[in-house]
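K.L.:
Structure below; questions to follow.
Every read-out reported here was derived from the displayed coordinates using simple, explicitly stated rules and does not represent laboratory data. Every value quoted in this text rests on a predicted model; they were computed, and no experiment measured them. Virtual Cβ from ideal backbone geometry, glycine too; neighbours counted across all protein chains shown.
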Amino acid sequence: MTPADLPLLSARALTKHYGPRLGCADVTFDLYEGEVLAVVGESGSGKSTLLSLLATELDPTAGSVGYRMRDGVTRNLFTLSEAERRFLLRTDWGFVRQDARDGLRMGVSAGGNVGERLMAVGARHYGKIRDTASDWLGRVEIDPSRIDDMPKSFSGGMRQRLQIARNLVTHPRLVFMDEPTSGLDVSVQARLLDLIRGLVSELGLAVIIVTHDLAVARLLSHRIMVMRQGRVIETGLTDQVLDDPREAYTQLLVSSVLAA
Ligand SMILES: Nc1ncnc2c1ncn2[C@@H]1O[C@H](COP(=O)(O)OP(=O)(O)O)[C@@H](O)[C@H]1O
Ligand SMILES: [Mg+2]
């Protein structure tokens, strides 16, 4: 087996309790390079908990996550040192937050938000950093003449596109996204989804995207995991799950009987 045949990430029996309350339980799956996995389910089903565990922002109550590092060695994320985790977050991973204010540095210019990530992976040449930042603003449809403007002066859609540029500029191997389009107007959402879809396929990114919106899952993902009350109740290829759901609960989700 070549390394690329091995999963990039493997979650095994991942479980999180918040005191007596269940966050998620017994979540097991593999994610391969270049694969987009959507985690869907109604509010409170454990989607964000799962994503925070995978990104090592939360410690699990039980279970493990294997991650194939750049040197080809698979490590359990929960045994990494704090420095190793921070290194992964800076270099190998991106995390696109629902609220761009949580994923951007609001007191830093647009160009600074993108350039900072480049500097974190070792870029030092100011002119090159600025050129790359400017190029990425263009790629996310922000006029590069806004490079010195603060994100405060941007619309919600622009901020979200800036957050995407900040996360993708370093060519991460894995990107976590938590409801990246749900805070935006419907018309803005459609364009942003198109943009995300183009960049993900162009860069061959592995993505784990959490969404309550099945249209988002349909457009972006290869595979879907349906969560309910903290557990995975159905999983499969996106078209299969959405066109021919096996579980009664998924059928309800698909027929949008359930409120998000
Ligand atoms: N910090 C927390 N403390 C206590 N309970 C939490 C916390 N975060 C989430 N929960 C609970 O865990 C469950 C799953 O929540 P969450 O992962 O946020 O779901 P989703 O993202 O699907 O809406 C819910 O019952 C929620 O109330
Ligand atoms: Mg959530």
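K.L.:
Based solely on its DSSP helices, what 222 nm [θ] is calculated for the chain when runs of n ≥ 4 H residues each add -39,500 (n - 2.57) and the sum is averaged over all residues, nearest 500 deg cm²/dmol?
P.N.:
Value at 222 nm, helices only, nearest 500: -11000 deg cm²/dmol.
K.L.:
Still on this structure: Let me check I've understood the local charge: for residue 93, count other residues with C-beta under 10 angstrom from its C-beta, Lys and Arg +1, Asp and Glu -1. What total comes out?
P.N.:
Neighbour charge sum, excluding residue 93 itself: +2.
K.L.:
Full extension from residue 187 to residue 135: what is 0.36 nm times the residue separation minus their Cα-Cα distance, to one decimal in nm?
P.N.:
16.2 nm
K.L.:
Still on this model: Could you check the simple spin-label distance between residue 6 and residue 123, using points 7 Å along Cα→Cβ, in nm with one decimal?
P.N.:
Spacing of the two 7 Å Cα→Cβ label points: 3.1 nm.
K.L.:
Once you list every other residue whose beta carbon is under 12 Å from the beta carbon of residue 183, what net charge do they have if Lys and Arg are +1 and Asp and Glu are -1?
P.N.:
Every neighbour counted, the sum reads -3.
K.L.:
Here's something else I'd like to know. Could you compute the net charge surrounding residue 113? Neighbours are other residues with a C-beta less than 9 Å from the C-beta of residue 113; K and R count +1, D and E count -1.
P.N.:
Counting the neighbours of residue 113, the net charge comes to +2.
K.L.:
Give me the number: length gained by fully extending residue 84 to residue 61, i.e. 0.36 nm times residue separation minus the C-alpha to C-alpha distance, one decimal in nm.
P.N.:
So the chain would gain 6.2 nm between residue 84 and residue 61.
K.L.:
Can you list residues from other chains, or at least 5 along the same chain, whose modelled amide H is less than 5 Å from the amide H of residue 207?
P.N.:
Hits under the 5 Å cutoff: 35, 36, 37, 175.
K.L.:
Report, ordered by chain and residue number, the lysines lying within cross-link reach of residue 16, taken as a straight Cα distance under 23 Å and ignoring same-chain residues fewer than 8 apart.
P.N.:
47
K.L.:
When the Karplus curve 6.51 cos²θ - 1.76 cosθ + 1.60 is applied with θ = phi - 60°, which whole-Hz ³J(HN,Hα) does each residue of the range 27-32 get, with x for Gly and Pro?
P.N.:
Whole-Hz 3J(HN,Hα) from phi for the range 27-32: 7, 10, 6, 10, 10, 9.
K.L.:
What number, in percent, do you get for the relative contact order of the chain if the mean sequence gap of Cα pairs under 8 Å and at least 6 apart is divided by its residue count?
P.N.:
26 percent
K.L.:
Take residue 247 and residue 143, extend 7 Å from each Cα along the Cα→Cβ direction, and tell me the distance between the two endpoints in nm.
P.N.:
Here the modelled spin labels are 4.8 nm apart.
K.L.:
Going toward the positive end of the dipole of the range 82-147, with +1 on Lys and Arg Cβ and -1 on Asp and Glu Cβ, which of 133, 120, 110 do you reach last?
P.N.:
Ranked along the dipole, the leading option is 120.
K.L.:
If you don't mind, another one. Going by amide H atoms built from the backbone, whose H comes under 5 Å of the H on residue 234, apart from near neighbours?
P.N.:
Close amide H contacts, sequence-distant or interchain: 226.
K.L.:
Using the Karplus curve 6.51 cos²θ - 1.76 cosθ + 1.60 with θ = phi - 60°, work out ³J(HN,Hα) for each residue of the range 92-102 in order, rounded to whole Hz, and write x for Gly and Pro.
P.N.:
8, 10, x, 9, 9, 8, 4, 9, 4, 4, 7
K.L.:
Let me have the relative contact order for the range 108-171, percent, based on Cα pairs under 8 Å that are six or more residues apart.
P.N.:
48 percent
K.L.:
Applying the Karplus parametrisation 6.51 cos²θ - 1.76 cosθ + 1.60 with θ = phi - 60° to the phi angles of the range 53-62, what ³J(HN,Hα) value in whole Hz is obtained for each residue in order, glycine and proline being reported as x?
P.N.:
Result, ordered by residue: 5, 4, 7, 6, 8, 10, 8, x, 6, 7 Hz.
K.L.:
Also, quick follow-up: What lysines does residue 152 reach when the alpha-carbon gap must be under 28 Å and sequence neighbours fewer than 8 apart in one chain are set aside?
P.N.:
Result set, ordered by chain and number: 128.
K.L.:
Counting other beta carbons within 10 Å of each residue's own, what order do 61, 181, 238, 28 fall into, fewest first?
P.N.:
28, 61, 238, 181
K.L.:
For residue 106 and residue 17, FRET efficiency with R0 = 41 Å and r from the beta-carbon atoms, rounded to 0.05?
P.N.:
Efficiency for this residue pair is about 0.75.
K.L.:
Check each of the trypsin sites (Lys or Arg not before Pro) in the range 54-127 and keep only those in coil by DSSP with at most 11 other C-beta atoms within 10 angstrom; list them in order.
P.N.:
Those satisfying the criteria are 70, 124.
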